[in-house]
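I have a structure here, written as structure tokens, and I will follow up with some questions on it.
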Amino acid sequence: MTSSIRFVYSGWNAQEAQRDMRAGRVRSLGRGIYLTTDAARRDILANGLDVAAYRYPGSRLMGESARLVTQGQSPIVFADGHHVIFLESDSVDCRRERPLLEDGHTGVRIEAILRPKASQNPQVSRSNQRLVLNPMPGIGLYIDLPDPLQILLDAAHYPECAPSAEECLHLWEKLSPSKRKHLEQQEGFSESLLQWKRIMENPDAIPIALPPRNRVRVYLQDIPWGMMDQNDIGWTWEQPAQVPHCPLPEGHVQGLLQSLMPENPDQMLGLGIKEQQDERAFLKEPRRLMNFLFVPDPYTEKVTPIFNGIPQGGDLNTHTQRGIFQGSIADPFFDYSQSVTRINSSSRFPRISGMQPKMPAYLDKEGRLQFATEDIPFTLLVKPDPGSVLPKLRGMAMLEWASQQVTRYVGIRTPECALLIAPDGQQAALISERFDVPHFGEYDRVHLTCDGTALLGIPASRKYEANPRLLWQAIAQSIPDEDQQRQAALDYFDRLALAWAMCDGDAHAKNLSVLYTSQYDNEGRLGLWHGAMSPAYDTICTRALPGFEHDQQALRIEGHEENLSPKIWDQFGKSMHIPNGGQRAAHISALVADAYARMANDPWLTNQIDGDYQKEVALLLEKSAMFTYERNRYMGGDLREAMEWREKRNSERAKPMDPNTDQRLASASL
């Protein structure tokens, strides 16, 4: 390595780099890379391999870049007016086209074309040869150098990073007969070989081209919210200046988009994807995910965004009496298999994130409940009882409804919800009104929900691994207003304490969300986002469910998932400047135990259903009461003190809690 480029590492730290930059000896190229002020254009291009090794240690050169290095040349390829280097890496930056190096003084910009480090053909063995680089003394960074067989395989699979047809044929001729035979057996290779030969017959060689860009327009509700560019390698994200930018850090927008994808295999199948992180589905057809609409370029003129708003008279509370839905049903919400088939019949049916099956629905002002489609707004979630698929979970929909009432009894906000009882009384479904869509009279508001995985920038598969302290830091950073942040801290603490008191082992990072709201001003411009913890959803006593009797806290509090004593809650509360966290958690525990006891002893709920289903639901309520009673004994909660605390807390809120829950629960005795 020449001395024109320097790297921050053990031999030269960031403080020394800043000192040299202030002295005018170096200038920053970003992310720990500095350039001496006297460096010329050729010096920068000569150091491309060192930069790649520093940015993506352990990566592998691909295609033309690999061939050039094996010939003793720089791996930088000049293609379509761009300097690029083709890499395969397991870095978090993978699947993206990333600026590797950019210097405004000399005008040099080198881009890294990254692919995930996973061979499309694992039966093809790669060379173990490595090029070891030493950007600084004592630092060994390496890049794998594939053999000619692997270079040709890359050239066939990834034409955009392939060497010229002449070089490909030259490498082909150098292979042994056995390796040639092996390559010819790989899918698509024979066609590529024939194409290279045809190109050589043409005197005008076809130059290397960068991958084509695919553009996907993104709408939030009916607002043009941004544009995603995809070049078959990864995504870049742009937002127009006239809309309020996403409240997440720029790098986490990708996480937000991934968090919208369903985790349930049946609904993923309807998107034409195999894994939750497979974002190629956005390029195939228009997709509706919650309040977002993704429209690939070919469909721009064919698809119109739809506004999800609750119409006048179409709110769930208007058509609910004592928690039971009183409207009419237009679609087969009780038949899970038929519902999934119907939704998967069109890519434009809304999809819902999460693992538990949910059906998108809409309630009109006449009280008619129907599927939300590409033409019908999406304002409700319907969760059918999973007992039809998993018999041991029969009654779960009714237990979740009861748990939502318990949550309200504690004084924690929840979405409006109701029970949909089957005519034969042998099934029920939970209807939940979306809290991220505006009601009639509030259509000037725009809502955006970000769950904990999006805030942390982690995939949904790691939703149980989130650190509650780090999650709170991410939440606080996205809510700059001090008063809103203080209230969010209390709500966040209470939500986790509720999960402990309720024996809810499913309060993972995707079930903890922030609701951001923006509002149009008199000139039709959207204002800044204001954040608050969303209403508590998906609350349930999981220990009451068969097979989950030993379920533990989903997220570790101060490193513990069991035996969360008041002392531990004190420590956790102090980390968010909440005093007396142990006492607060004990109050919540006392209220939860009291509410479940009332539910278990009041026959009103189980009288709404019949037969074995009635017995199964009654047993779930009894087990919930038993588990939460034992939990409150451990916490030492006092019910009278807890009720006084709840009354004081609710009186301090700007919006009082719905009193209907108290009236309904107070009608029963312990």
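The values are calculated or read from the model by the stated rules, or taken from the named source; none is laboratory data. All of these numbers come straight from a predicted model, not from anything done at the bench. Cβ sites come from the backbone with ideal geometry, for glycine too, and all protein chains shown count toward neighbours. Side chains are part of the model used for accessible areas, which takes the heavy atoms of the whole protein and leaves out ligands, DNA and RNA. Shrake-Rupley method; radii C 1.70, N 1.55, O 1.52, S 1.80 Å.
What pairs come out if I take residues in region 346-365 that are in a strand (DSSP E or B) and pair them with residues that are at pLDDT 70 or above and of a type in the set (S, T, N, Q) whose C-beta lies under 7 Å away, six or more apart or interchain?
A361/Q370; Y362/Q370; Y362/T379; L363/T379
Pick from region 516-531 the residues that are part of a strand (DSSP E or B) and open to solvent by less than 40 Å² (accessible area, probe 1.4 Å): which of them is farthest from K383 (Cα to Cα)?
L526
For region 383-464, which strands (runs of 3 or more DSSP E) that fit wholly inside it have 2 or more residues that are over 25 Å from Y520 (Cα atoms) and out of contact with any strand residue (DSSP E or B) (no Cβ under 8 Å at 6 or more places or on another chain)?
In region 383-464, there are no strands (runs of 3 or more DSSP E) which contain 2 or more residues that are over 25 Å from Y520 (Cα atoms) and out of contact with any strand residue (DSSP E or B) (no Cβ under 8 Å at 6 or more places or on another chain).
If you don't mind, there's one more thing I want to ask. Which one of these is open to solvent by 10 Å² or more (accessible area, probe 1.4 Å) and closer than 24 Å to A586 by Cβ: D483, D504, D491?
It is D491.
Also, I was wondering about something else. Taking into account only those residues within region 447-480 that are of a type in the set (V, I, T) and open to solvent by 10 Å² or more (accessible area, probe 1.4 Å), which is farthest from the chain's Cα centre (by Cα)?
Checked region 447-480; the qualifying residue farthest from the chain's Cα centre (by Cα) is T449.
Still on this model: When you look at S403, is it of a type in the set (S, T, Y) and surrounded by fewer than 19 Cβ atoms within 10 Å (Cβ to Cβ), yes or no?
no
Of (1) touching a residue at least 24 places away in the same chain (Cβ under 8 Å); (2) surrounded by 15 or more Cβ atoms within 10 Å (Cβ to Cβ), R41 satisfies all except one. Which?
For R41, the failing item is (2).
Would you tally the residues in region 607-624 being open to solvent by 20 Å² or more (accessible area, probe 1.4 Å), closer than 29 Å to E647 by Cα and not basic (K, R)?
Residues that pass the stated criteria total 1.
Name the residues in region 567-577 that are surrounded by fewer than 21 Cβ atoms within 10 Å (Cβ to Cβ) and in a helix (DSSP H, G or I), would you?
First pass over region 567-577, keeping only residues surrounded by fewer than 21 Cβ atoms within 10 Å (Cβ to Cβ): 567-568, 570-571, 574-577.
K567, I568, D570, Q571, K574 - these are the residues of region 567-577 that are surrounded by fewer than 21 Cβ atoms within 10 Å (Cβ to Cβ) and in a helix (DSSP H, G or I).
Specify which of the listed residues (P360, P350) is under 22 Å from the mean Cα position of the chain (by Cα), modelled with pLDDT under 85 and crowded, with 20+ Cβ neighbours inside 10 Å.
P350
So which of G395, G314 is at pLDDT 90 or above, buried (at least 22 other Cβ atoms within 10 Å of the Cβ) and over 30 Å from G611 (Cα atoms)?
Result: G314 is the single residue among G395, G314 that is at pLDDT 90 or above, buried (at least 22 other Cβ atoms within 10 Å of the Cβ) and over 30 Å from G611 (Cα atoms).
For Y409, only one of the following conditions fails: (1) more than 25 Å from the chain's Cα centre (by Cα); (2) farther than 30 Å from E558 by Cβ; (3) surrounded by fewer than 24 Cβ atoms within 10 Å (Cβ to Cβ). What is its number?
(2)
Next question, about the same structure. With the requirement that a residue be in contact with a helix residue (DSSP H, G or I) (Cβ under 6 Å, 6 or more places away or on another chain) and in contact (Cβ under 8 Å) with a residue 60 or more places away in the chain, what does region 65-88 give you?
Selection gives A66, R67, V77, F86.
Return yes when H550 is open to solvent by 30 Å² or more (accessible area, probe 1.4 Å) and under 20 Å from A489 (Cα atoms) and no when it is not.
Considered against the rule, which asks whether it is open to solvent by 30 Å² or more (accessible area, probe 1.4 Å) and under 20 Å from A489 (Cα atoms), H550 comes out as no.
Which one of these does D50 not meet: (1) out of contact with any Ser or Thr (no Cβ under 6 Å at 6 or more places or on another chain); (2) open to solvent by 30 Å² or more (accessible area, probe 1.4 Å)?
If we test D50 against (1) out of contact with any Ser or Thr (no Cβ under 6 Å at 6 or more places or on another chain); (2) open to solvent by 30 Å² or more (accessible area, probe 1.4 Å), just (2) comes out false.
Identify, please: which residue in region 59-75 is open to solvent by 10 Å² or more (accessible area, probe 1.4 Å) and among the small types (G, A, S) and is, among those, farthest from I110 (Cα to Cα)?
G72
Still on this structure, please answer the following. Working only within region 319-332, note down all residues that are surrounded by fewer than 14 Cβ atoms within 10 Å (Cβ to Cβ) and closer than 13 Å to L369 by Cα.
Once the filter is applied, which keeps residues that are surrounded by fewer than 14 Cβ atoms within 10 Å (Cβ to Cβ) and closer than 13 Å to L369 by Cα, region 319-332 yields Q326, S328, A330.
In region 374-387, what residues are open to solvent by 20 Å² or more (accessible area, probe 1.4 Å), over 21 Å from F440 (Cβ atoms) and without any contact (Cβ under 8 Å) to a residue 60 or more places away in the chain?
P386
Evaluate region 570-593: report whether one residue or more is at negative phi, in contact with a Cys (Cβ under 8 Å, 6 or more places away or on another chain) and basic (K, R).
no
Out of all the residues in region 16-29, is one or more closer than 22 Å to Y158 by Cα and either outside any strand (DSSP E or B) or open to solvent by less than 10 Å² (accessible area, probe 1.4 Å) (or both)?
no
Can you tell me which residue among Y596, Y634 is out of contact with any Asp or Glu (no Cβ under 6 Å at 6 or more places or on another chain), under 14 Å from A402 (Cα atoms) and at pLDDT 95 or above?
Y596
Continuing with this model, one more query. Condition (residue is free of Cβ contacts under 8 Å to residues at least 60 places away in the same chain, more than 27 Å from Q258 (Cα to Cα) and among the acidic types (D, E)) applied to region 461-468: is it met by at least one residue?
no
Filter region 578-603 for residues that are out of contact with any Pro (no Cβ under 9 Å at 6 or more places or on another chain), open to solvent by 50 Å² or more (accessible area, probe 1.4 Å) and either more than 23 Å from E641 (Cβ to Cβ) or part of a helix (DSSP H, G or I) (or both) and give the result.
Residues satisfying the conditions are N601, P603.
Right, something else. Does region 79-99 contain at least one residue that is modelled with pLDDT of 80 or more, farther than 19 Å from H157 by Cβ, aliphatic (A, V, I, L, M) and open to solvent by less than 30 Å² (accessible area, probe 1.4 Å)?
No, region 79-99 contains no residue that is modelled with pLDDT of 80 or more, farther than 19 Å from H157 by Cβ, aliphatic (A, V, I, L, M) and open to solvent by less than 30 Å² (accessible area, probe 1.4 Å).
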